Structures are given as C-alpha cells and as structure tokens.
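The values are calculated or read from the model by the stated rules, or taken from the named source; none is laboratory data. Because the structure is predicted, anything quoted here is derived from the model rather than measured. Here the Cβ positions follow ideal geometry from the backbone for every residue, glycine too, while neighbour counts run over all protein chains shown. Side chains are part of the model used for accessible areas, which takes the heavy atoms of the whole protein and leaves out ligands, DNA and RNA. Shrake-Rupley method; radii C 1.70, N 1.55, O 1.52, S 1.80 Å.
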Amino acid sequence: QVQLVESGGDLVQPGGSLRLSCAASGNIFSIGTMAWHRQAPGKQRELVVTITSYGSTTYVDSVKGRFTASRVDAKNTTYLQMDNLKFEDTAVYYCYAEVMVVGDNFRSYWGQGTQVIVSS
C-alpha cells in the first residue's frame with residue numbers, strides 16, 4: 001500500500017505564499033504522473049497542475065504565473081509553491097500520483113488533502 005501524505009496548508013493573507021508538500025511512502029519502484037487538485041467550498045474538484053515523470057508541468061489558467069509545481073524523485077515528493085495567493089485559492093488541496101510498487105503495475109493514489117485558507 002502506498003500513502004501520499006500532504007502538509008503545508010495554512011491560513012494566509014491575500015498576497016502571501018505557501019508551499020505544499022506531498023510525500024509518497026511504501027515499497028515504491030517508480031512514480032509516473034503526479035498532480036495537484038483542489039476543491040473549494042461548494043465547488044467541484046478541479047485539476048490545478050499536472051507534473052509528468054520528466055518534471056514538465058501544465059497549469060490551470062487561474063494559477064499560471066503564481067503557482068509552481070515540482071518534484072524530487074529521490075525523496076518521492078512533489079511540491080506546490082503558491083505565491084500571490086488570492087481569496088479564490090481557498091480550497092482543500094489534494095495530491096495525486098501514479099505509483100508503481102515493486103512487483104506491480106502503476107496504480108493511482110490520492111493524498112488526504114490539506115486546507116488552504118486565504119483570508120484577510
């Protein structure tokens with residue numbers, strides 16, 4: 001079993017910054033595509049950014065220029081650096097990863113979510 005453990009969510013003022021972390025644990029052989037999703041109150045979950053196994057990223061328009069996703073495969077970890085946060089960024093942020101454990105194929109996993117509140 002693979003676990004994705006998220007951290008870094010907090011209450012922050014508009015214009016502030018946060019860095020979210022998501023660390024995968026388990027008998028991991030390889031991690032493929034990773035992603036960050038978010039779900040704001042009363043809204044459907046939306047894809048924020050995908051990160052390929054090569055580290056290339058694709059962002060939803062609303063966060064372009066403000067958010068930066070990265071991955072450190074040696075630590076089985078992905079990060080989401082969030083700058084110039086806005087009220088509309090308030091959401092529970094979920095980490096996603098396609099993970100191959102030793103002796104198996106790729107499977108999809110989700111983190112537990114971490115709360116980001118942008119408020120003055």
Suppose a student asked you for the relative contact order of segment 2-80, using Cα pairs under 8 Å spaced at least 6 residues apart; what percent would you report? 27 percent
Candidates GLY26, GLY16, GLY103, ranked by Gaussian network fluctuation over the chain, Cα under 10 Å, top entry: GLY103
Checking the cross-link filter: which lysines have an alpha carbon closer than 28 Å to that of LYS86, excluding same-chain neighbours under 8 positions apart? LYS43, LYS64
The long-range amide H neighbours of THR90, using H built 1.01 Å from N in the peptide plane and a cut-off of under 5 Å, are VAL118
How big is segment 18-114 along each principal axis, measuring the range of its Cα positions in Å and listing the largest first? 44, 25, 19
What ³J(HN,Hα) values, in whole Hz, does the Karplus curve 6.51 cos²θ - 1.76 cosθ + 1.60 give for segment 56-68 when θ = phi - 60°, with x put for Gly and Pro? 6, 10, 9, 10, 5, 4, 5, 10, 4, x, 10, 9, 9
Express in Å², to the nearest 10, the accessible area of ARG107 obtained by rolling a 1.4 Å probe over the protein heavy atoms while all chains stay in place. 120 Å²
Per-residue ³J(HN,Hα) for segment 79-91, Karplus 6.51 cos²θ - 1.76 cosθ + 1.60, θ = phi - 60°, Hz, x for Gly and Pro: 10, 10, 7, 10, 10, 6, 5, 10, 3, 6, 7, 4, 4
Simple SL model, points at 7 angstrom along Cα→Cβ for PHE87 and TYR54; separation in nm is 4.1 nm
Value in Å of the Kirkwood radius, where segment 76-117 supplies the Cα pairs that are averaged: 12.4 Å
Hey, what do the phi angles of segment 43-53 turn into as Karplus ³J(HN,Hα) couplings, whole Hz, using 6.51/-1.76/1.60 and θ = phi - 60°, x for Gly and Pro? 10, 6, 5, 10, 6, 9, 7, 10, 10, 6, 5
Rel. contact order, % - alpha carbon contacts under 8 angstrom, at least six apart, segment 46-90: 27 percent
